[in-house]
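Presented below is the structure to which this report refers.
The values are calculated or read from the model by the stated rules, or taken from the named source; none is laboratory data. As the structure is a prediction and not an experimental result, all values here were calculated from the model. A quick note on method: Cβ atoms are made from the backbone with ideal geometry, for glycine too, and the neighbour counts reach across all protein chains shown.
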Amino acid sequence: MLHLKLQILSKIVRLNASKFNLTLSFFGLASLIGRLVGKVALITGGASGLGKATAHEFIQNGAQVIIADIDSELGPQVAQSLGPSAYFVPCDVADEAQVADAVDAVVTRHGKLDIMYNNAGVTGPVYPPSISDLDLDKFDEVMRINVRGVVAGIKHAARVMLPIASGSILCTSSISGIMAGLGPHPYTISKFAIPGLVKSAAAELCRHGVRINCISPAPIPTPMSVSQIAQFYPGLTREQVAGIINRLGELKGAHCEDADVAKAALYLASDEAKYVTGHNLVVDGGFTCFKNLSFPSQDQVV
Ligand SMILES: NC(=O)c1ccc[n+]([C@@H]2O[C@H](COP(=O)([O-])OP(=O)(O)OC[C@H]3O[C@@H](n4cnc5c(N)ncnc54)[C@H](O)[C@@H]3O)[C@@H](O)[C@H]2O)c1
């Protein structure tokens with residue numbers, strides 16, 4: 001009976017989301033029905049890994065999710081597996097026109113865009129490791145997706161959010177954007193750019209009621225990180241490589257999972273973070289908080 005009542009209430013709320021949002025929080029019902037009821041979210045790189053996990057979390061919380069991804073084979077399959085609250089639009093974030101089209105398609109269909117998650121990214125080549133051998137064309141490729149693609153996402157989300165003075169923009173950085181030496185040079189450089197461009201955009205957007213934040217996760221065994229680390233361990237299975245990644249953290253008794261990023265994104269996207277903007281939410285179990293001094297043992301001291 002309670003289930004049926006909640007289903008009916010949920011349906012009413014979806015139809016009249018803006019009117020009911022206040023009522024819901026007043027009665028403390030938002031957490032029961034979902035923290036993103038009535039919201040429309042576009043997630044780039046949503047066909048895999050962290051984007052897919054976030055799409056699932058957003059849908060569980062009542063959002064309609066549009067997966068924008070370059071992978072036109074996997075994208076529709078993932079959207080279908082997520083159910084009727086998800087659909088796919090093809091989009092290469094390196095091409096501004098495709099980002100603009102994806103945003104416009106969402107606004108045409110739903111009349112608005114509440115949440116834009118600029119999450120698509122690539123690691124780029126691991127070899128050659130030295131900056132003295134850096135291939136600048138490969139560097140440009142990484143920057144085109146990881147930085148230019150995010151800027152394009154912010155630009156076109158702002159284009160539709162500013163006139164209504166409402167919206168939440170998210171971006172994915174990394175612990176590679178906080179400490180150097182954790183990834184290849186182009187990836188590190190691209191991820192350092194994200195918290196900076198989030199602050200730059202926040203400086204303007206906050207005056208218009210639009211929030212923008214980023215998330216910096218620790219290594220998580222997604223297809224991207226597994227295929228990157230596997231290059232150092234030829235012959236190991238996917239599970240073995242995932243195990244290596246899971247043991248890279250510092251926080252005892254836990255490892256970083258895609259769901260941790262999805263829940264961070266849920267918080268930042270929701271009205272619970274209504275006064276949070278320009279922020280970098282680091283999801284790393286303390287990894288970037290410290291570095292131990294490597295003192296020699298007594299017998300090593302000459
Ligand atoms: N997995 C990790 O350990 C980790 C840690 C920190 C940050 N990140 C960041 O998280 C984000 C997601 O990575 P992931 O680990 O989920 O990787 P993933 O490879 O599982 O997913 C990335 C998705 O982005 C899509 N994509 C790639 N290039 C694209 C483009 N040009 N246009 C549109 N879509 C494109 C891919 O098709 C894929 O679906 C990336 O920005 C990555 O840098 C990942």
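Screening A262 with (1) in contact with a Cys (Cβ under 8 Å, 6 or more places away or on another chain); (2) within 30 Å of V40 (Cα to Cα) gives one miss only, at (1). Within the stretch 57-84, being within 21 Å of A264 (Cβ to Cβ) and either of a type in the set (V, I, T) or in contact with a Gly (Cβ under 8 Å, 6 or more places away or on another chain) (or both) holds for I59, Q60, N61, G62, A63, V65, I66, I67, A68, D69, V78. Only residues that are within 27 Å of R144 (Cα to Cα), of a type in the set (G, A, S) and touching a Lys or Arg at 6+ places or on another chain (Cβ under 8 Å): list them for the stretch 48-99, please. Matches in the stretch 48-99: A94 only. Among residues of the stretch 215-228 that are touching a residue at least 40 places away in the same chain (Cβ under 8 Å) and small (G, A, S), those with a Cβ under 6 angstrom from a residue that is in a helix (DSSP H, G or I) and buried (at least 24 other Cβ atoms within 10 Å of the Cβ), sequence gap 6+ or separate chain, pair up as S216/G177. Within the stretch 193-202, one or more residues are more than 10 Å from the ligand (Cβ to nearest atom) and surrounded by 22 or more Cβ atoms within 10 Å (Cβ to Cβ). If you go through the stretch 208-217 and keep only what is in a strand (DSSP E or B) and more than 15 Å from V261 (Cα to Cα), you end up with V210, R211, I212. If we keep just the residues of the stretch 98-124 that are in a loop (DSSP other than H, G, I, E, B) and within 13 Å of the ligand (Cβ to nearest atom), which is farthest from the chain's Cα centre (by Cα)? So the residue we want is G124.
Comparison of F58, F139, F88 shows that the only residue that is surrounded by fewer than 21 Cβ atoms within 10 Å (Cβ to Cβ) and at pLDDT 95 or above is F139.
Taken over the stretch 125-173, the criterion of being more than 13 Å from the ligand (Cβ to nearest atom), out of contact with any helix residue (DSSP H, G or I) (no Cβ under 6 Å at 6 or more places or on another chain) and among the small types (G, A, S) is satisfied by S130, S132, A157, A158, S166.
Report yes if S176 is within 14 Å of the ligand (Cβ to nearest atom) and without any contact (Cβ under 8 Å) to a residue 40 or more places away in the chain, otherwise no. The answer is yes for S176.
Taken together, the criteria exclude L182 from residues that are crowded, with 24+ Cβ neighbours inside 10 Å and within 15 Å of the ligand (Cβ to nearest atom).
Here the stretch 76-86 is the region considered, the condition is being small (G, A, S) and within 20 Å of H110 (Cα to Cα), and the residue that is farthest from the chain's Cα centre (by Cα) is G83.
All conditions but one from (1) outside any helix (DSSP H, G or I); (2) without any contact (Cβ under 8 Å) to a residue 60 or more places away in the chain apply to V93; the one that does not is (2). Scanning the stretch 161-179 for residues that are crowded, with 18+ Cβ neighbours inside 10 Å and not in a strand (DSSP E or B) returns M161, S173, S174, I175, S176, G177, I178. Of the listed requirements (1) surrounded by 14 or more Cβ atoms within 10 Å (Cβ to Cβ); (2) out of contact with any Pro (no Cβ under 7 Å at 6 or more places or on another chain); (3) more than 21 Å from V103 (Cβ to Cβ), S130 misses just one: (1). Among residues of the stretch 275-293 being of a type in the set (S, T, N, Q) and part of a loop (DSSP other than H, G, I, E, B), the one that is nearest to the chain's Cα centre (by Cα) is T277.
Counting only residues that are within 19 Å of G124 (Cβ to Cβ) and assigned to a helix (DSSP H, G or I), the stretch 218-269 holds 10 of them.
For the stretch 38-86, name all the residues that are within 13 Å of the ligand (Cβ to nearest atom), of a type outside the set (D, E, K, R) and not in a helix (DSSP H, G or I). Answer for the stretch 38-86, where residues must be within 13 Å of the ligand (Cβ to nearest atom), of a type outside the set (D, E, K, R) and not in a helix (DSSP H, G or I): L42, I43, T44, G45, G46, A47, S48, I66, I67, A68, I70, S72.
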